[in-house]
Amino acid sequence: MKQEVYVTAPAEGPICDFCSGTPIYASYPAKTFTQQVENPDGKKLNINSQADWAACKTCADLVDASQWDALLQRSVKTFRVKFGGMIPERDLRKFISDLHRQFRENRQQIN
């Protein structure tokens, strides 16, 4: 059975899509995409990215400079601070790296 979960913006307002920080400094237009991941039980989950990505100043600077490794490190670190070790490090790095790759592939440049 296919199950979809919808997440809305937090009550306190929008957060950075890369690190969950605030305030938002930049917005990056992107096409909507779905990333399929497998949880430790072997169940497949669809993660939907809806259009634009928001970024705090630090993450925006990393995106603008194409510092993808540094952005990955920041995203993993802030996830760990917020959620602890609920996902093994290797799996978390792969998940976030794949998500960032899809962001790059679906980002729409403004001329």
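When restricted to residues that are more than 12 Å from the chain's Cα centre (by Cα) and either in a helix (DSSP H, G or I) or in contact (Cβ under 8 Å) with a residue 40 or more places away in the chain (or both), the stretch 46-87 contains 18. Residues of the stretch 23-44 being out of contact with any helix residue (DSSP H, G or I) (no Cβ under 8 Å at 6 or more places or on another chain), modelled with pLDDT of 75 or more and assigned to a strand (DSSP E or B), which ones? The answer is S27, T34, Q36, K44.
Counting only residues that are under 17 Å from P29 (Cβ atoms) and surrounded by 14 or more Cβ atoms within 10 Å (Cβ to Cβ), the stretch 54-98 holds 5 of them.
Checking each residue in the stretch 54-80 for being of a type in the set (A, V, I, L, M, F, W, C) and out of contact with any Ser or Thr (no Cβ under 7 Å at 6 or more places or on another chain) picks out A55, C59, A60, L62, V63, A65, W68, A70, L71, V76, F79.
I'd like the full set of residues that are of a type in the set (S, T, Y) and farther than 16 Å from S20 by Cβ, limited to the stretch 32-77. Show your work before the answer.
First, pick out the residues of the stretch 32-77 that are of a type in the set (S, T, Y): 32, 34, 49, 58, 66, 75.
Within the stretch 32-77, T32, T34, S66 qualify.
The values are calculated or read from the model by the stated rules, or taken from the named source; none is laboratory data. The model shown is predicted, which means the values in this text are computed figures rather than measured ones. Note: ideal-geometry Cβ built from the backbone for every residue, glycine included; neighbour counts use all protein chains shown.
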